[in-house]
Amino acid sequence: TGPATREANPSATAADRPIGFGRIQRKEDPRFVRGKGRYLDDIVLPGMLHGAILRSPMAHGRIVSIDTTEALAHPKVHAVVTGKDLEALNLAWAPTLSADVQAVLATDKVRFQGQEVAFVVAEDRYAARDALELIDVEYEQLTPVVDARTALAPGAPVVRDEMEGRTDNHVFDWEAGDAAATDAVFARADVVVTQEVVYPRVHPAPMETCGAIADYDAVDGKLTLYETTQAPHAHRTLFAIVAGIPEHKIRVVSPDIGGGFGNKVGIYPGYILAVVGSIVTGRPVKWVEDRSENLMSTSFARDYIMTGEIAATREGKILAVRTNVLADHGAFNATAQPTKYPAGFFHIFTGSYDLEAAHCTVTGVYTNKAPGGVAYACSFRVTEAVYLVERMVDLLADELGMDPAELRLRNFIRPEQFPYPNKTGWEYDSGDYEPTMRLAMRMAGYDELRREQAEKRARGELMGIGISFFTETVGAGPRKHMDIVGLGMADGAEVRVHPTGKAVVRLSVQSQGQGHETTFAQIVAEELGIPPEDIDVVHGDTDQTPFGLGTYGSRSTPVSGAAVALAARKVREKAKLIAAAMLEARPEDLEWEKGRWFVTGDPTQGRTMPEISMAAHGTIELPEGVDGNLDAEVTYDPPNLTFPFGAYICVVDVDPGTGHVTVRRFVAVDDCGTRINPMIIEGQVHGGLADGVGMALMELIDFDEDGNCLGGSFMDYLIPTAMEVPDWETGHTVTPSPHHPIGAKGIGESATVGSPPAVVNAVIDALEPYGVRHMDMPCTPARVWAAMQGRATPP
Ligand code: MCN
Ligand code: CUM
């Protein structure tokens with residue numbers, strides 16, 4: 001452990017490299033660093049046409065008329081599709097991932113600025129865009145619902161008035177925990193702290209925007225759909241259901257993905273429109289959105305208004321947490337999360353603490369904003385949960401006059417309490433929190449930092465130290481508890497060892513930059529002793545991979561990683577039977593060492609994997625019931641989720657004149673159980689920390705009172721660059737998951753989940769001399785400055 005280390009010797013030969021887990025360079029990088037990645041927009045099919053979407057200029061309006069005559073007359077235009085055309089095909093509305101429907105193209109009303117209104121298919125991208133200008137839409141402007149707080153007020157405009165009998169903007173009510181028990185604990189607590197905590201709307205903003213190419217072959221009825229998707233198999237099934245094309249006639253290909261961060265989980269109208277365009281024109285149709293379209297119309301994240309309460313004894317024993325949440329779901333409930341959990345896994349807001357009681361209610365509302373929800377490295381709303389509890393714990397520390405590190409250390413769930421059933425229904429699989437916290441404090445030099453802060457305060461300088469300790473829940477299913485639109489959350493994997501001992505592993509999950517081609521090869525390498533460079537990872541093509549639910553909620557390692565390990569173990573067991581036949585020994589007399597079965601007590605009598613794989617495909621007589629290959633397939637249904645955790649400490653300096661926040665240091669100690677590739681893990685953590693600093697300090701999708709999106713470009717929606725982030729200091733502890741075949745937990749979202757509260761806690765700590773108790777993200781200079789003046793938060 002210690003500061004981030006770099007690959008020791010990049011030119012190490014194959015012989016020096018670990019076979020299995022360890023710090024090896026990414027197999028996919030030679031293609032990426034040479035500019036040889038193949039992203040959606042790199043794909044050009046013969047005869048391909050280009051689509052463009054006309055979008056609503058306003059947040060709420062009734063469509064009076066749409067005139068497409070001029071656009072259709074454009075010499076390069078092949079088709080113009082409106083909501084009316086789709087209505088005739090019964091495709092104007094499509095099911096969302098949350099049992100709602102979403103307009104593919106608006107028929108009656110537009111419900112958010114940027115909503116899809118018409119689709120043009122033309123010879124090239126420029127002509128398609130030009131033709132959008134020729135479409136004449138007349139709108140009758142309606143009053144929008146912009147503030148979620150007023151969405152349920154009597155007389156509020158009804159966003160979804162197309163639904164039979166609907167007279168309000170209520171989407172759902174959901175609760176977890178025990179209300180009465182929690183009330184009772186609060187009633188006898190010495191100290192109760194209450195605070196409204198807002199996690200504002202942000203956007204995943206991947207480098208590559210979303211897009212699709214549809215290629216419908218009318219002769220054989222087969223649809224080939226290239227898509228920026230994190231979940232190719234789930235998309236294929238949904239397309240089969242929506243379009244009525246059977247699954248075996250649909251091939252979904254997800255090429256290299258330029259960042260997903262949750263933005264590429266959902267099925268967007270543009271994807272469906274590309275399919276419609278291809279069916280209508282008989283040619284392949286490409287649709288790729290631009291940056292503003294991405295920011296304005298695709299899955300936003302967060303938008304939770306949370307009222308938090310924390311109860312404790314005067315000595316600092318935390319007793320209970322409760323919260324009421326108002327969740328802004330935009331115009332359609334298109335949130336991607338397991339059916340049973342309309343607020344995702346938010347009920348992990350009990351955090352890392354041993355509580356007597358906890359309760360939450362979540363109310364979802366419709367507003368005139370883009371739909372989506374959940375996306376952006378959130379582990380299904382764990383971001384909001386962690387932010388809430390870690391702000392509340394800091395507020396409590398402030399109230400009690402206690403050090404926030406000390407308060408956390410006193411209240412952690414103790415190692416002997418695991419598996420720990422929390423008060424909202426989770427069972428934390430494993431944890432040992434104190435060593436992780438102590439390591440972070442040691443790396444940061446916590447006591448020294450507090451001394452430095454005291455000295456600076458005496459001089460009028462503003463320095464803040466912020467702590468966050470998070471526990472995540474990642475790796476959905478189990479499938480008996482979790483499904484998305486009826487599909488149980490499990491994942492398949494297939495391992496094949498070819499005659500010469502090289503292997504291929506086929507996955508149902510989809511990398512968007514996480515390095516699956518490396519780490520999944522490493523899992524097989526660890527189990528079979530085949531060097532990772534001899535193992536090919538195939539993913540992102542439903543014609544070539546087993547069924548599974550895909551990559552989000554950091555579930556690839558917990559679910560698909562387990563499937564791969566178990567499939568490799570099946571191969572190993574089969575290899576044992578074949579080796580026994582080759583050695584004329586009994587299988588039970590054989591022992592395994594990485595890459596070889598040998599006779600117990602006589603290590604010279606053994607067979608290596610290449611020898612065994614050749615024999616499996618060769619001429620020897622195979623044992624009874626063993627067929628002539630070295631392949632195996634597993635569909636893994638996880639018994640529980642995994643619960644990674646971590647301790648983050650952020651040091652900021654605030655300019656008292658301008659309110660500008662500089663993140664000076666950031667220490668992150670993560671525990672994701674068994675570590676497959678420490679270098680890739682560090683990369684995941686570095687990226688997630690940058691995400692977290694961005695959300696805490698600058699990222700915001702805001703709206704004006706008319707519902708106009710104010711975050712529709714990178715001029716307005718700020719994301720952090722190398723200039724705004726410090727050199728990350730990372731460390732780790734290892735507490736394996738007891739139920740995962742290799743003991744690994746997810747890591748892909750930990751840093752995004754865990755870091756925002758550390759940054760905000762640091763900013764508020766810095767502002768202590770001004771009596772600031774809380775401020776909402778993003779802590780922009782204007783907001784920090786206003787807080788210092790004791791004024792309300794400006795936008
Ligand atoms: N890993 C490991 N050891 C572990 C756990 C993970 O070596 N104990 C490795 C994995 O094998 C994998 C990577 O770390 O190569 C991330 O694994 P995991 O935590 O299983 O997460 P997923 O692969 O399922 O990735 C999803 C997660 C999510 S949900 C978002 S959002 C996010 C994230 O990954 N989006 C990303 N990280 C991203 N990183 C990049 N570059 N781009 C994105 O879009
Ligand atoms: Cu919630 S963003 Mo990731 O789970 O794809």
query: When the range 350-369 is examined, which residues are found to be in a loop (DSSP other than H, G, I, E, B) and either more than 20 Å from the chain's Cα centre (by Cα) or within 16 Å of ligand 2 (Cβ to nearest atom) (or both)?
result: Thr350, Ser352, Asp354, Leu355, Glu356, Tyr366, Thr367, Asn368, Lys369
task: Would you check which residues across the range 617-657 are of a type in the set (A, V, I, L, M), part of a loop (DSSP other than H, G, I, E, B) and in contact with a strand residue (DSSP E or B) (Cβ under 8 Å, 6 or more places away or on another chain) and list them?
output: Leu641
task: Please name all residue pairs, on different chains or six or more residues apart, with Cβ atoms under 9 Å, provided the first residue is in the range 371-386 and is farther than 27 Å from Val159 by Cβ and away from ligand 1 (no atom under 12 Å from the Cβ) and the second residue is in a loop (DSSP other than H, G, I, E, B) and at pLDDT below 95.
output: Val386/Ser379
- request: May I ask you to verify whether Ile257 is within 16 Å of ligand 1 (Cβ to nearest atom), surrounded by 24 or more Cβ atoms within 10 Å (Cβ to Cβ) and either free of Cβ contacts under 8 Å to residues at least 60 places away in the same chain or aliphatic (A, V, I, L, M) (or both)?
  value: yes
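So which residues in the range 304-340 are of a type outside the set (Val, Ile, Thr) and within 19 Å of Ala99 (Cβ to Cβ), if there are any at all?
Here is the first cut: in the range 304-340, the residues of a type outside the set (Val, Ile, Thr) are 304, 306, 308-309, 311-312, 314-317, 319-320, 322, 324, 326-334, 336-338, 340.
Within the range 304-340, Ala327, Asp328, His329, Gly330, Ala331, Phe332, Asn333, Ala334, Ala336, Gln337, Pro338, Lys340 meet the criteria.
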- prompt: Of the residues that sit in the range 250-287 and are more than 17 Å from His235 (Cβ to Cβ) and in a loop (DSSP other than H, G, I, E, B), which one is nearest to ligand 2 (Cβ to nearest atom)?
  reply: Phe261
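When you scan the range 388-403, do you find a residue that is within 14 Å of ligand 2 (Cβ to nearest atom) and under 30 Å from Leu710 (Cβ atoms), even just one? Steps first, please.
Step one: filter the range 388-403 for residues within 14 Å of ligand 2 (Cβ to nearest atom), giving none.
Checked the range 388-403: no residue is within 14 Å of ligand 2 (Cβ to nearest atom) and under 30 Å from Leu710 (Cβ atoms).
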field: Tabulated pairs, the range 208-220, first touching a residue at least 24 places away in the same chain (Cβ under 8 Å), second among the polar types (S, T, N, Q) and in a strand (DSSP E or B), C-beta under 6 angstrom, 6+ apart or interchain
entry: Asp215/Thr224
- request: Please find, among Ile719, Ile680, Ile701, Ile676, the residue that is outside any loop (DSSP other than H, G, I, E, B) and at pLDDT 95 or above.
  value: Ile680
- prompt: Pairs, please: C-beta under 6 Å, at least 6 apart or cross-chain, first residue of a type in the set (S, T, N, Q) and in the range 307-323, second assigned to a strand (DSSP E or B)?
  reply: Thr307/Glu196; Thr307/Asn324; Thr323/Met306; Thr323/Gly308; Thr323/Cys360
message: Among the listed residues Ala490, Ala521, identify the single one that is away from ligand 2 (no atom under 16 Å from the Cβ), of a type in the set (Gly, Ala, Ser) and closer than 20 Å to Arg26 by Cβ.
response: Ala521
- line: Log entry, pairs with first residue in the range 747-769 being touching a residue at least 40 places away in the same chain (Cβ under 8 Å) and closer than 15 Å to Thr662 by Cβ, second being of a type outside the set (A, V, I, L, M, F, W, C) and in a helix (DSSP H, G or I), beta carbons closer than 7 Å, six or more apart or on different chains, reads Val759/Gly692; Val760/Arg391
- request: Please name all residue pairs, on different chains or six or more residues apart, with Cβ atoms under 8 Å, provided the first residue is in the range 551-562 and is charged (D, E, K, R) and the second residue is within 13 Å of ligand 2 (Cβ to nearest atom).
  value: Arg555/Val474; Arg555/Gly475; Arg555/Ala476; Arg555/Met489; Arg555/Val509; Arg555/Leu549; Arg555/Gly746
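Between Ala751, Ala758, Ala762, Ala722, which is buried (at least 24 other Cβ atoms within 10 Å of the Cβ), away from ligand 2 (no atom under 16 Å from the Cβ) and within 28 Å of Gln512 (Cα to Cα)? Reasoning before the result, please.
Numbers: Ala751 fails: away from ligand 2 (no atom under 16 Å from the Cβ); Ala762 fails: within 28 Å of Gln512 (Cα to Cα); Ala722 fails: buried (at least 24 other Cβ atoms within 10 Å of the Cβ).
Sole residue among the options that is buried (at least 24 other Cβ atoms within 10 Å of the Cβ), away from ligand 2 (no atom under 16 Å from the Cβ) and within 28 Å of Gln512 (Cα to Cα): Ala758.
Restricting attention to the range 646-653, does a residue exist that is over 26 Å from Asn761 (Cβ atoms) and touching a Gly at 6+ places or on another chain (Cβ under 6 Å)? Give the steps one after another, and end with the answer.
Of the residues in the range 646-653, the ones over 26 Å from Asn761 (Cβ atoms) are none.
Within the range 646-653 (the criterion being over 26 Å from Asn761 (Cβ atoms) and touching a Gly at 6+ places or on another chain (Cβ under 6 Å)), the answer is no, since none of the residues qualifies.
What number of residues within the range 693-717 are more than 16 Å from ligand 2 (Cβ to nearest atom) and crowded, with 17+ Cβ neighbours inside 10 Å?
Looking only at the range 693-717, we keep the residues that are more than 16 Å from ligand 2 (Cβ to nearest atom), and these are 693, 696-698, 700, 702-717.
Imposing the further condition that a residue be crowded, with 17+ Cβ neighbours inside 10 Å reduces the set to 693, 696-698, 700, 703, 707-709, 711-712, 717.
Qualifying residue count, the range 693-717: 12.
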field: Flag if Gly731 is at pLDDT 95 or above, touching a Ser or Thr at 6+ places or on another chain (Cβ under 7 Å) and either away from ligand 2 (no atom under 16 Å from the Cβ) or not in a loop (DSSP other than H, G, I, E, B) (or both)
entry: yes
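The values are calculated or read from the model by the stated rules, or taken from the named source; none is laboratory data. Given the structure is predicted, the values throughout are model-derived calculations rather than measurements. Note that each Cβ is placed from the backbone with ideal geometry, even for glycine, and that neighbours are counted across all protein chains shown.
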